[in-house]
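Contents: one structure, followed by commentary.
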Amino acid sequence: MAQEILTKLGASADLIMEVCEIVGHHHHPGPEGTLNFKVVYDADLIVNWEEKQGEVPRPKEKLTELFENSFFTASGRNLAKKLLITTENTEHTEKGKL
């Protein structure tokens, strides 16, 4: 679908190829990826964890550990920390509610 849309928009073949590669592999990264791929992967990871955190919150310590090993970019890691390690989450962890 991405290829069809980008072709209709007049995108270059290189751009179409990169976007299709990103869309096709954003859940299962290969050993190397472009910066664009890494940004999309990290953004998708944040969205998925944000949903999970709303359902079954994890303690701050566990999230911090996961962040250090899961993101391709420092920006993704920092944004995840900002969005997912909240005061509310920390308070629940300290009270043993998680």
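Assorted remarks:
- Residue list for region 45-87, filter: of a type in the set (S, T, N, Q), within 21 Å of ILE22 (Cα to Cα) and part of a helix (DSSP H, G or I): ASN48, ASN69, SER70, SER75
- Filtered residue count, region 43-71, keeping only those that are modelled with pLDDT of 90 or more and either in contact with a helix residue (DSSP H, G or I) (Cβ under 6 Å, 6 or more places away or on another chain) or aliphatic (A, V, I, L, M) (or both): 5
- For region 40-54, the count of residues that are of a type outside the set (Phe, Trp, Tyr) and more than 15 Å from the chain's Cα centre (by Cα) is at least one.
- Residue in region 56-69 that is among the basic types (Lys, Arg), touching a residue at least 24 places away in the same chain (Cβ under 8 Å) and more than 21 Å from GLN3 (Cα to Cα) present: yes
- Residue check, THR93 surrounded by fewer than 12 Cβ atoms within 10 Å (Cβ to Cβ) and either at pLDDT 90 or above or touching an Asp or Glu at 6+ places or on another chain (Cβ under 9 Å) (or both): no
- When residues in region 55-64 are screened for being under 15 Å from the mean Cα position of the chain (by Cα) and among the acidic types (Asp, Glu), 0 of them pass.
- Counted residues, region 30-63 - those being polar (S, T, N, Q) and surrounded by 15 or more Cβ atoms within 10 Å (Cβ to Cβ): 1
The values are calculated or read from the model by the stated rules, or taken from the named source; none is laboratory data. Computed from a predicted model, the values in this text were never measured in an experiment. Cβ atoms come from the backbone with ideal geometry, glycine included; neighbour counts cover every protein chain shown.
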